[in-house]
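Student: Provided herewith is a single structure, encoded as structure tokens, for subsequent inquiry.
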Amino acid sequence: MNEKTLRVLEFAKIKEQLLAQASSSLGREKIDELQPMTDTASVVQALQETTEARAIYRTESFPLQGLIDVRPSLRRALLGATLRPEDLLEIAAVCACSRRAHQFFGKKAENYPLLSSYGQQLVVCRELEESIDSAISEFGDVKDSASSTLRKIRNDIRTLQSRLKQRLDTMVRSPAVQKFLQEPIVTVRNDRYVVPVKQEYRGQVPGIIHDQSASGATLFVEPMAVVEINNDLRRKEAEEEQEIERILGELSLEVQAAAPMLQKNLALLAQLDLAMAKGKLGYLQKATAPLINESGYLHLKNARHPLLQPETVVPSTVYLGKDFNVLLITGPNTGGKTVTLKTVGLLALMAQAGLHIPADE
């Protein structure tokens, strides 16, 4: 298609309107690539897809929530990388989106045959979806229930933390120790539980200094009485990190195995998102599905320029190419001659891109 024609007729602005109706970056990517087609069968199919999508938009709730571009995560998984919890959550969301769309069209294949052909190609990855949901919380944390080993380690960590805090709380509440502290509190420095000791009483609270205040008046000391418990706690936390890494590694291997199916699902869902965006725009513009011919004629009834305000736009009826091949448009300046010409051209481009056009049936 001639780029100058697209620019002069402002086809890019129609695509901007379409972008606003997309549900995902994948759908918007498809819209960016959208061009008018010249193959009649392809145009007719695209228009029918828009008609089906518009019917869905008017009467149904179509499940495209969770359609996220996880292609970078899939590529990393295919290279053997361990994915982060938030990456896995997004992949589970795509699995759920694929499953819902597949189920939706499984029940409505007769109503929406073309869009159902995309929906029925979607692969349901229920096992992967459940594996991720059972291991990763909605906040991106690995759940205690992700493995029996992780549950035990975290129980041990909680027990050690409780012992440690109890020991330190007893210490900071002791009148004999309180006079050496800036405040009777327990805090954390360098992942170790410490107490704030006044600089001048450094020797009165034996332990390891982990930090000091900006003024130097306060030292954050790990009392010797809790060093061993702190060490045990750090060892357990290291075990926790290793177990989390193992769990994420196993889930990443599951993603790796399912990656080709998920990539195919993303392509199909993006196509559905494009169709739905076209259907929504057609509905909002009160547009109609044009009939396509290969005989070189057009007949537009009450055609309206889609970039003008619907309340003020003056519709035009244009007939050309069947009984006569030349149409002369006359009138004063600002009388609408250019708008009429651009309306004809832009609506032709929209129809060839599979969009409904703002005109009567």
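Student: List the number of the failed condition for Thr59; all other conditions in (1) surrounded by 13 or more Cβ atoms within 10 Å (Cβ to Cβ); (2) among the polar types (S, T, N, Q); (3) out of contact with any helix residue (DSSP H, G or I) (no Cβ under 9 Å at 6 or more places or on another chain) hold.
Tutor: The failed condition is (1).
Student: Ok, one more. Considering only the stretch 139-198, state which residues are in contact with a Ser or Thr (Cβ under 8 Å, 6 or more places away or on another chain) and either farther than 28 Å from Glu239 by Cα or not charged (D, E, K, R) (or both).
Tutor: Ser145, Ala146, Gln182, Tyr193, Val194, Val195, Pro196, Val197, Lys198
Student: Show the residue pairs meeting these rules: Cβ distance below 9 Å; 6+ apart or different chains; first residue within the stretch 276-293 and of a type in the set (Ser, Thr, Tyr); second residue surrounded by 16 or more Cβ atoms within 10 Å (Cβ to Cβ) and not in a helix (DSSP H, G or I).
Tutor: Listed pairs, sorted by first residue: Tyr283/His356; Thr288/His356; Thr288/Ile357; Thr288/Pro358; Thr288/Ala359.
Student: Oh, and also: crowded, with 20+ Cβ neighbours inside 10 Å, part of a loop (DSSP other than H, G, I, E, B) and of a type outside the set (D, E, K, R): is that true of Leu47 in this structure?
Tutor: no
Student: Can you find, within the stretch 153-199, the residue that is farthest from the chain's Cα centre (by Cα) among those that are touching a residue at least 60 places away in the same chain (Cβ under 8 Å) and open to solvent by 70 Å² or more (accessible area, probe 1.4 Å)?
Tutor: Arg167
Student: Which one is least open to solvent (accessible area, probe 1.4 Å) among residues in the stretch 277-315 that are in contact with a Phe, Trp or Tyr (Cβ under 6 Å, 6 or more places away or on another chain), assigned to a helix (DSSP H, G or I) and of a type outside the set (Ser, Thr, Tyr)?
Tutor: Looking at the filtered set, the residue picked out is Gly279.
Student: Taking Ser116, is it open to solvent by 20 Å² or more (accessible area, probe 1.4 Å), hydroxyl-bearing (Ser, Thr, Tyr) and free of Cβ contacts under 8 Å to residues at least 24 places away in the same chain?
Tutor: No.
Student: State which residue is surrounded by the most Cβ atoms within 10 Å (Cβ to Cβ) when the search covers only the stretch 205-240 and only residues that are β-branched (Val, Ile, Thr) and in contact (Cβ under 8 Å) with a residue 40 or more places away in the chain.
Tutor: My answer is Val226.
The values are calculated or read from the model by the stated rules, or taken from the named source; none is laboratory data. A quick note: this is a predicted structure, and the numbers were derived from the prediction, not measured. Using ideal geometry, Cβ is built from the backbone for each residue, glycine included, and neighbour counts are taken over all protein chains shown. Keep in mind that these areas ignore ligands, DNA and RNA; they rest on the heavy atoms of the full protein, side chains included. Shrake-Rupley method; radii C 1.70, N 1.55, O 1.52, S 1.80 Å.
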